[in-house]
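Just so it is clear, none of the values below were taken in a lab; they were calculated from the coordinates. A quick note: this is a predicted structure, and the numbers were derived from the prediction, not measured. Glycine gets a Cβ as well: all are built from the backbone with ideal geometry, and neighbour counts include every protein chain shown.
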Amino acid sequence: MQMVKRIIGGFFLLLLLLWLFAPKVELYYLLEKNLKKEGIIISNESLQDTWFGLSIKNADIYVKGANMVHINELKLNIFFFYNTLHIKTLTTDAIVHNVAPKEIEDVSITYSILKPLKATLKGIGSFGTVEGQVELIKKHVTVLFPVAKDIRAFKKFLTKDAKGVWKYETNY
């Protein structure tokens with residue numbers, strides 16, 4: 001019985017050490033390399049490896065050569081059962097202001113093992129508040145704007161549901 005406890009304890013210790021000392025920055029560069037194949041380039045960013053994830057500051061995102069977004073701060077926390085992506089101050093470039101909000105102050109995307117088929121989204125910006133979910137198996141995204149303020153730039157992409165809440169739905 002004592003040997004079984006040591007094996008199980010050693011296994012969990014190994015998992016903990018792999019998690020803490022995982023090469024998170026190298027995984028980020030692998031993601032960046034794969035995004036580059038799709039025409040998406042992330043530049044001018046500064047990376048910081050944290051105990052539980054990765055912190056990225058001052059990133060500019062280019063899509064097919066055009067500057068689309070500047071992200072002030074992005075924090076990715078990776079836990080075994082609960083993962084979060086937190087973005088602070090996302091500013092779009094002037095060329096996309098007619099189809100996207102000008103600024104998003106705060107966005108949190110959460111994935112939990114309790115709901116393994118969905119990721120949830122919450123945010124605040126110049127458009128008001130936003131709540132949504134991504135259904136991973138169905139590849140379906142639903143975003144609700146319960147308190148809509150300045151949505152005229154992208155209102156053509158939204159529909160109103162029976163309760164009068166503006167909604168955006170798409171598949172990927």
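Quick look at the numbers
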read-out	value
In order through the stretch 87-104: 3J(HN,Hα) via Karplus (6.51 cos²θ - 1.76 cosθ + 1.60), integer Hz, x for Gly, Pro	10, 10, 6, 9, 10, 7, 6, 4, 6, 10, 5, 7, 10, 9, x, 6, 8, 10
Amide H contacts under 5 Å for L136, placed H, 5+ residues apart	K118, A119
Dipole moment magnitude, nearest 20 debye, the stretch 23-171 about Cα centre, only Lys, Arg, Asp, Glu C-beta charged	540
Under Karplus coefficients 6.51, -1.76 and 1.60, residue-wise ³J(HN,Hα) of the stretch 161-167 in Hz, glycine/proline x	8, 5, 8, x, 8, 6, 9
The chain: calculated mean residue ellipticity at 222 nm from DSSP helix runs of at least 4, using -39500 (n - 2.57)	-6500 deg cm²/dmol
The stretch 20-25 - phi-based ³J(HN,Hα) in whole Hz, Karplus 6.51/-1.76/1.60, Gly and Pro as x	5, 9, 5, x, 5, 5
Label-point gap, in nm, between F80 and D150 - each point 7 angstrom along Cα→Cβ	4.6
Proximal charge balance of N58 [Cβ under 9 Å; K/R count +1, D/E count -1]	-2
Lysines whose Cα lies under 27 Å from that of K24, excluding same-chain neighbours fewer than 8 positions away	K33, K36, K37, K57, K64, K75, K88, K115, K118, K122, K139
Part-to-part distance (alpha-carbon centres) for the stretch 24-50 and the stretch 135-172, which is given in Å	29
Max mean-square fluctuation residue, GNM over the chain, Cα-Cα springs under 10 Å, options N58, N67, N98	N98
Alpha-carbon Rg with Dmax, taken over the chain, Å	19.3, 66
